[in-house]
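Every number here is computed from the coordinates shown, using simple stated rules; none is lab data. Fair warning: this is a prediction, and the values are worked out from it, not measured in the lab. For neighbour counting, all protein chains shown are included, and Cβ atoms are generated from backbone atoms with ideal geometry for every residue, glycine included.
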Amino acid sequence: MKHLCILCFTLIFTLLSCDGRDRIYKTNAEVLKENKLFDSFSEAIKYIPEQRTEILTDTILSTGFQVKIQYYALDKAYSSKTIKASNETNTTLHFKNFEAQFQVLKNNKLIAQNIINKEVFKKHEASTFWNQAIMQYVWIDYENSTAEFITINTSFNIPKTDIFKDFSIIIDTFGAVKIKEINLLENVL
């Protein structure tokens, strides 16, 4: 019984003496660094766009072409960029990748159907650009379309930079698809 009382007294004394006096003059950051928890508390993660994004387009042209485009964000595919803020916190931005499914009809007959994403363009050239880039836009180029073919343009960009690549996807009346890069920069001498 005597040993039990001594054990209880020691246990109570030990618990009461652990009041954190040794940390009273330390900042929260110092305490977290001491316990190796600072990195997990000093990182913020943001997804751009934050919510599900989807755009549906159904266009009928006077040339007999009909184009249906479903453009949407991919939840599990993204390009990441970490930004260091002034208050010692890191913000990791995850820019979601996009892809577009399209159908092209000519006089109500399906002539082409495919998916546009960066994997389609990655095959044509091996570059670090494609590892960081995301699809920004997909649109029908009315000015460069005729009764013989339809042109769909797409743009890829590395987020938070001015680095981009634009492409034209040309689909003729037989469903043949041709992809060509658009160079928007002029050579000025």
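Listed values for the stretch 71-83 are Karplus-derived 3J(HN,Hα) couplings in whole Hz (6.51 cos²θ - 1.76 cosθ + 1.60, θ = phi - 60°), namely 10, 8, 7, 9, 6, 9, 10, 8, 10, 10, 9, 9, 10, and x replaces Gly and Pro.
Estimated at 0.36 nm per residue, the fully extended path between K76 and K178 surpasses their Cα-Cα distance by 33.8 nm.
Couplings for the stretch 60-65, taken from phi via the Karplus curve 6.51 cos²θ - 1.76 cosθ + 1.60 with θ = phi - 60°, read 10, 9, 5, 7, x, 7 Hz in order; Gly and Pro are left as x. Model label sites at I163 and I60, defined 7 Å from Cα along the beta-carbon direction, differ in position by 4.4 nm.
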